[in-house]
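Worksheet: the structure to be examined is printed underneath.
The values are calculated or read from the model by the stated rules, or taken from the named source; none is laboratory data. The structure presented is a predicted model; accordingly, all values stated were derived computationally and were not measured. Cβ sites come from the backbone with ideal geometry, for glycine too, and all protein chains shown count toward neighbours.
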């Protein structure tokens, strides 16, 4: 969450709860509330809301776009891989499937880099693994991918809406000392002070 520099804050603001935290809590609750009325799981929409909420509206929108692009890439590639493995008859050979899925992360990441969206690479890999690893007998990968995409869209939309509606309020920094105010003199440590006086007396005797 928000990284607050406690050294730059007044003591009463050191345990201050920032607007990013508040926005995240509100967005996650709304995701759960919507899932409750839809009688569905709000897990993926809640994760999307947590990831997308940033410390400014611009960063939140950028994070949301990256998450949606990553979800789309991971979902599409995941569906294609599941159908391909099913066609080849190796979808439920666990070790072989894990080897193929791990290798497929390479072209997914390279694709995100090729479209100049490195920020969506991690999400693309996560969604790809969600579609392929969680797939079980009787599941339809296309429907599963569409559900994940919809849940992510819900979380992203709520995150952007909450971030726009609730203004960002930065913490109040500690007021610096006036420029004309002189700094207190540093008191010389006692041992060094005694040594300095002893040195002066020795020079006087000479």
Only one of 114, 122 that is modelled with pLDDT of 85 or more and under 19 Å from the mean Cα position of the chain (by Cα): 122
Hits in the range 38-49 (condition: part of a helix (DSSP H, G or I) and either surrounded by 17 or more Cβ atoms within 10 Å (Cβ to Cβ) or in contact (Cβ under 8 Å) with a residue 60 or more places away in the chain (or both)): 43, 44, 45, 46, 47, 48, 49
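State whether the residues of the range 150-158 include one that is out of contact with any strand residue (DSSP E or B) (no Cβ under 8 Å at 6 or more places or on another chain), more than 30 Å from residue 17 (Cβ to Cβ) and at pLDDT 70 or above.
yes
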Residue within the range 133-144 that is more than 14 Å from residue 71 (Cβ to Cβ), over 22 Å from the mean Cα position of the chain (by Cα) and crowded, with 18+ Cβ neighbours inside 10 Å present: yes
Given (1) within 17 Å of residue 121 (Cα to Cα); (2) modelled with pLDDT under 85, index of the condition residue 9 fails: (1)
